[in-house]
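**Q** Please find one structure pasted underneath; my questions will follow.
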Amino acid sequence: MNDHAPSPTSRRVVMGFGDAANLPEDDELPTESMPLNMGPSHPAMHGTVRMVLEVEGEKVRTVDVQIGFLHRCFEKEAENATWTQIFPYTDRLNYVSPMLCNVGYALAVEKLLDIDDKIPERAQFIRVIVGEISRLTDHLTCLAASAMELAAFTVFFYLMKAREWLWELLEEVSGARLTHSYVRIGGVVADLTDDFCPKLRDILGRCRAAIADVDKMLTSNRIFRDRMDGIGIITRDDAIGWGLTGPVGRSAGLAYDVRKDHPYLVYDRFDFDVPVGSVGDNFDRYAVRLEEMRQSMRILEQAMDRLPAGPILLDDARVALPPKREVYNTIESMIAHFKLIMDGIVVPPGEIYSFTEGGNGELGFYIVSDGTGRPWKCRVRPPCFANTAVLNKILPGLFIADIVPTFGMINMIGGECDR
Amino acid sequence: MAGEKQAASGPRAKVKIVIDGRSHEFPAGLTILEACQRVGIKVPFFCWHPGLSAPAVCRQCLVEIRGFPKPIPSCYTPVADKMEVITNSPKVLDVRRQMLEFTLLNHPIDCPICDKAGECLLQKHYFDWDVRLARNDGSKVRKAKVVDLGRHIVLDQERCILCTRCIRVCNEVARQPDLVMAFRGDRQLLTTAPGQRLDNPYSLNTVDVCPVGALTAKDFRFSMRAWELWATPSVCPGCATGCNIEIHAAHDVIRRLIPRPNPAVNKYWMCDEGRLTYKRVHQDRLVAPLVAGAPARWAAALAEVARLMAWARDKSPSSLGVVLSAQTSNEDLFAFSRLASEHLRTDRVYLAGAREGWCDEILVSADKNPNTTGAKLIGGPTVRTAADLKQDLKIGVLKALLVLGEADAVSPLDSLQTLVVLASHQGPLVTAASVALPLAMWAETDGTFTNRQGKVQRLHAAIAPAGQSRPGWEIAARLARAMGAAWTYANAKQVFSEARDKVMLMSGADWGRPESPVQLRFANSRG
Amino acid sequence: MAKIVLDRLAEQFVAGEITETGSQHGNEWARVNPAHWRGVAQFLRDDPVTALNMFIDLTCVDRLGRTPRFDVVLHLYSVDKKHRVRLLAGLPEDDPSVDSVVGLWPGANWFEREAFDLYGVRFLDHPDLRRILMYPEFVGHPLRKDFPKEGRQPLLRRFPGSVDEEPAP
Amino acid sequence: MPFSVYTSKLAQAVNWARKFSLFEYPFVTACCGMEFMASWAPKYDIGRFGAEVPRFSPRQADLLIVVGTITERLGPVLRRIYDQMCEPKWVIAFGVCASTGGFYQNYSAMPGADQVIPVDVYIPGCPPRPEQMLDALLILQERIQKGEGHSQVVLRAERGYVAPDAVIRPDRGEKGGTGR
């Protein structure tokens, strides 16, 4: 296994001697193609993925992207767990934006239970808020990692700092920095802390600053632009044919955002824009993510302004756990608690495909229930599975050095892609 | 029992009744409850049991009948012509709730420490029919918590909801009135009849029928939470009756056997003795092949057996014998009888098995081998008896012997030069054997038993074979291959279907569908 | 959701290509005769009324105990009309195979490979039908209901030394 | 015995040097990577403990940090990476998946990295907090100083003492299965 790539060398082949004028027009020397193996453990690839390349000099002729190194059997585990026990697994699908996966799964099950319209309004707002925070952390991480892989370490530090702030806030709410398992079927598990909104506003201010800095540092940075502009171009038709959604699809000009086109929760009440790219290259993907973070902040501020009071969990003894005091002191609630935990919520037989806007695009859950306490099938439609597949199309013809930013901007998340 | 009595009573006339607005036709004598179950209408109940008479004491199955002033127990009332039944009117539901609340009034908050939790009818009905919060938090009536009722049973009187199922099991199944109710009102409790202990051979059925955790089995209690167990349908290996059972196991350890309803064989019951047969599966097993008493690799052991057998066969086939066991499945028997006739070319095929034991006219049969019928069918008319075996060993016509399964008929051994044993357990035969191969047991393999009625019943592998032991048919196939044959058995089903084609009286047998084992917590919250 | 797609299917396919349709929880679904799997999909993509041009998801369901045992499930979306449909096709237990739709949507490539990998459904004239999530040495199709959850097949002997067990023949 | 005294002192000095100049090879596969990043980032600056320089080639690293779930498919890769590292080398299993498989007990997830390589320090948590990473580092440094690291023990057994120069062990490739 070849586990480090040849260092990116200059694109022009410089002859050490002779007359530069006599160089062939083609700025590459004729070489015979060579198989090259990147990964599964490669410094410039967050997540374990393996690329079997056929290169001619520095140019990629063919590529076979191999995934599956992080196949943790989400579906098999889900088929052996109660409906509620699946939340921790969804956390670890797209582990950069766990809340979005939580929400997506909860919505699917609630549709099966026909309680999706009974969810308390406050719970819906809270879901939007934590979800958008997760979207922020997702994009922050994506940009930070990619920038680091392009040797922009400062950017990494700035964005990581911003992510820390957001995570600490989410930790106050959910008790976990990363894998929150905060959403429940019928609502959320705990209410926001009292000083949540002021803290979030403060943090958003600082995030804006950090993002502005990064914007300054990268957007007009010659080196950065050279490695992003016009590289890995995806057309709108590609996006449709390959099922590309989210930032990748939008950067290719496909203005499809589930939050806008099929509003769920309370997204239809907020005023936000969907950034769309014009070229479909790496830079567009970068720019779209940057802009989406700003839009998420807009949503967050509106949501905080309109956050209603009220319950945060559906009041239905067959879905939500009874109050602990009752559980410990009366046999009735003890039984209810017991059945909900051990046998699981009983979901009527049926099938549902429910989709939300995940960090990487359309995060769909196709769930088949046979009327027992666990799903018969719990399929997740992973957006970056489709997004990663398109690498097979766009990488050939690029230079080896271009693989790194392209892969980074596609933002393959192992847990979600391999499940 | 109850079901038949009613079916027998009265002419087979049909009656038309209306249930929840839909009109149906049923044979007369059917109770309303059974009628509802036939048309898939859910009616809760505690005291009713399909295999027992109906005393209508729990009042959970109340339904409304047009024209009757009060709701009436559907488990007790036979259907009558032009009867109009309402099972889901607000009134009915409310009355049931009140009865349930009444039942829960003095029920201890034991679920976390209760063995029945997870398969408890009380839990199920409360969750299905009434999930309201408690309305009173007065103190509950205290009763005795750990009452030793008998050899296998412990009683918790607080949990008892006085449904009297267990009493009826003793009276109607075991036919020994061991249990009675004492006192009245909220002091009423279950206890043994004066001077009696609950020691009848069917006592553990009371644990199955108990809707709550009042009666628990000493053998099982506190060993495993019920919902963690995986259920696998199988057949009891205890005797020739072949009671249908469910193996409840977790992490390759069997925790209990419970009867699986089969009106044609064991109805809803099985005997205590049969329930404890699982213990042997985990006791002093032979876990690796032994060559001359020393552990060996499978390949080496099989090669050695092949060499010995070929040598004995070529020397004098008449002095080479094969002993089949009525303890093993049809597949193993078929594979070995085929091996004996085709490759060992011997006609000295004996049939041995466990000794006869006690029996009764309820379920237990004297023949303690689960598969005697099958073995006789597969062995054919020429198969010799254990007595012949003893005789031939005594006079010493046998020089080499291939023994499938344990059989104490195999003695004396001194005249033998070669003894190859396929055994699941350590024992005198294994120690005496020149080669001993570990044999997987009934709970570890797919296969079939043929019970005393000639019913071919299916075994499913519930746990992984102990150590390196393998199913008999597989050992036979590998042995045949080692002896140069081209056997292509890949799984027990292939052996079965071949046996079904070849063996008469097995032609009607059915292997059944593949099914994935289910964990009790997900068995649709049954109980 | 208006039943545009299902109505269009009903009026277009009358020769039993569509065996069953329905709508549940706002999802429209149609059960397709596997022989016409590709044809129906292509029609839905090209027909201006349905215009289901975007590939969303393709997977498989193992309904153990039912015949046919497997269902291939395809989700499509119309970027312009903003409606969706779910197509299902029942495949038999022995040799489940159906036409590939990679020719219609290049994105289906990996999804079909996954369905093949985890359920053993063969997609006819698929460009390269290899395992994608599991490794080539893996035996069996793990998401089938009769595949044990912990049916591990290590590529490597364990450290230190190794468990010296014979594989079952 | 002067010789042994000399070597033991030398070994201590060498171990002291080693524990403060760890070159880590982060084998990042999954969720834990997020928290692992955080342990580099400001606030939990792992550089304070002399282990901030990641070497992305196992040949240059002496601390392998297994971050995230190891699947059966990754087993040979992990073993190969470990074999490529020069001795003495240490391994930290970051998170329950790398330690035991966590709640992924199924046909694909390997029940812990120690199924294929020796592990010196296990970090619980799903994922662990960055503080735990720092804690683990301190524990490891302690063990290094005492010479309790797995490969140190092996070396001592082979050589009788820990040679100051790194000792290349005969390749364990034949144990490495397919080595994919």
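**Q** Roughly how many debye, to the nearest 20, is the charge dipole of the protein assembly as shown about its Cα centre, given +1 on each Lys and Arg Cβ, -1 on each Asp and Glu Cβ, and no other charges?
**A** The calculation lands at about 3820 debye.
**Q** Considering the options B:43, B:26, B:57, tell which one lies farthest towards the positive end of the dipole of the range B:2-104, charges being +1 on Lys and Arg and -1 on Asp and Glu at the Cβ, about the Cα centre.
**A** It is B:26, whose Cα lies furthest towards the positive end.
**Q** Answer with one residue from D:123, A:81, B:373: the one whose Cα lies farthest towards the positive end of the charge dipole of the protein assembly as shown, charges on Cβ with Lys, Arg +1 and Asp, Glu -1.
**A** B:373
**Q** Sort B:181, B:99 by Cβ crowding within 10 Å, fewest neighbours at the top.
**A** Lowest count first: B:181, B:99.
**Q** Could you tell me the relative contact order of the range B:290-506? Use alpha-carbon pairs under 8 Å, at least six residues apart, and round to a whole percent.
**A** Relative CO of the range B:290-506 lands at 24 percent.
**Q** In debye, nearest 20: dipole of chain B around its Cα centre with unit charges on the Cβ of K, R (+) and D, E (-)?
**A** Roughly 720 debye, rounded to the nearest 20.
**Q** State log₁₀ I(q)/I(0) for the range A:76-418 at q = 0.13 Å⁻¹ as given by the Debye formula over alpha-carbon point scatterers of equal weight, solvent excluded.
**A** Normalising to I(0) and taking log10 leaves -0.97.
**Q** Count the DSSP beta bridges whose two residues both fall in chain C, then state the antiparallel fraction as a percent rounded to the nearest 5.
**A** 80
**Q** Where both partners of a DSSP beta bridge lie in chain B, what percent of those bridges are antiparallel, to the nearest 5?
**A** Expressed as a percentage, antiparallel bridges in chain B total about 65.
**Q** Using the Kirkwood radius over C-alpha pairs as Rh, can you work out the diffusion coefficient of the range B:2-104 via Stokes-Einstein at 10 °C, viscosity 1.306 mPa s, in µm² per second?
**A** 115
**Q** Further question on the same structure: Quick one: angle between helix B:90-105 and the longest Cα principal axis of chain B, in degrees between 0 and 90, rounded to 10, please.
**A** So the helix axis and the longest Cα principal axis differ by about 70 degrees.
**Q** May I ask you to sort C:61, D:116, B:209 by Cβ crowding, counting other Cβ atoms within 10 Å and putting the fewest first?
**A** Neighbour counts put them in this order, fewest first: B:209, C:61, D:116.
**Q** Further question: Once the Cβ-Cβ distance between residue B:497 and residue A:271 is put in as r, and R0 is 51 Å, what FRET efficiency do you end up with, to the nearest 0.05?
**A** The value I calculate is 0.15.
**Q** With a ≥ b ≥ c taken as the square roots of the eigenvalues of the C-alpha gyration tensor of the range A:173-273, please select rounded if a/c is under 1.5 and otherwise prolate if a/b is larger than b/c or oblate if it is not?
**A** Oblate shape, in that a/c is at least 1.5 and b/c is the bigger or equal ratio.
**Q** Between 0 and 90 degrees, rounded to the nearest ten: what's the tilt of helix C:108-119 against the longest Cα principal axis of chain C?
**A** That works out to roughly 50 degrees.
**Q** Using 0.36 nm times the number of residues separating residue C:122 and residue C:33, minus their current alpha carbon distance, what extension gain do you get?
**A** 30.4 nm
**Q** Could I ask something else about it? With charges only on Cβ, +1 for K and R and -1 for D and E, what is the dipole size of the range B:2-104 about its Cα centre, in debye, rounded to 20?
**A** Approximately 100 debye in magnitude.
**Q** What is the distance in Å between the Cα centroid of the range B:51-85 and that of the range B:239-290?
**A** 38
**Q** Where in chain A are the DSSP H helices whose alpha-carbon span along the long axis reaches 18 Å or more and whose Kyte-Doolittle mean is at least -1.0?
**A** A:98-113, A:121-149, A:153-174, A:196-219, A:282-306
**Q** Give the order of A:216, A:76 when sorted by the count of other beta carbons within 10 angstrom, beginning with the fewest.
**A** The order, fewest Cβ neighbours first, is A:216, A:76.
**Q** For the protein assembly as shown, give the share of DSSP beta bridges that are antiparallel, in percent and rounded to the nearest 5; count only bridges with both residues there.
**A** 70
**Q** What whole number of Å gives the distance from the Cα centroid of the range A:73-126 to the Cα centroid of the range B:425-478?
**A** Between the Cα centre of the range B:425-478 and that of the range A:73-126, the gap is 46 Å.
**Q** Here is a further query. Let a ≥ b ≥ c be the square roots of the eigenvalues of the Cα gyration tensor of the range B:403-447; is it rounded (a/c under 1.5), or, if not, prolate (a/b larger than b/c) or oblate?
**A** The shape class here is prolate.
**Q** Exceeding 27 Å between C-alpha atoms, which entries from my cross-link table qualify? They are A:118/C:3; B:315/B:394; B:16/B:455; B:140/B:267.
**A** In this structure, B:16/B:455; B:140/B:267 exceed 27 Å between Cα atoms.
**Q** Over chain A, what is the relative contact order in whole percent, taking alpha-carbon pairs under 8 Å and six or more residues apart?
**A** After rounding, I find 24 percent.
**Q** For chain A, modelled as a GNM with alpha-carbon contacts under 10 angstrom, which of A:289, A:184, A:206 fluctuates the most?
**A** Of A:289, A:184, A:206, the most mobile in the Gaussian network model is A:206.
**Q** Nearest 500 deg cm²/dmol is fine: what mean residue ellipticity at 222 nm does chain B get from its DSSP H runs of n ≥ 4 alone, each adding -39,500 (n - 2.57), divided by its residue count?
**A** Taken over chain B, the calculation gives -7000 deg cm²/dmol.
**Q** Related question: For the range B:106-223, what does the relative contact order come out to in percent, with C-alpha contacts under 8 Å and a separation of six or more?
**A** This gives 31 percent for the range B:106-223.
**Q** Place +1 on the Cβ of every Lys and Arg and -1 on the Cβ of every Asp and Glu in the range A:258-362, take the dipole about the Cα centre, and give the residue among A:300, A:336, A:313 whose Cα lies farthest towards its positive end.
**A** A:336
Each value in this text was obtained by applying a stated rule to the coordinates, not by laboratory testing. Just so it is clear, the model here is predicted, and its values are computed rather than measured. Heads up, the Cβs are rebuilt from the backbone with ideal geometry, glycines too, and the neighbour counts pull from every protein chain shown.
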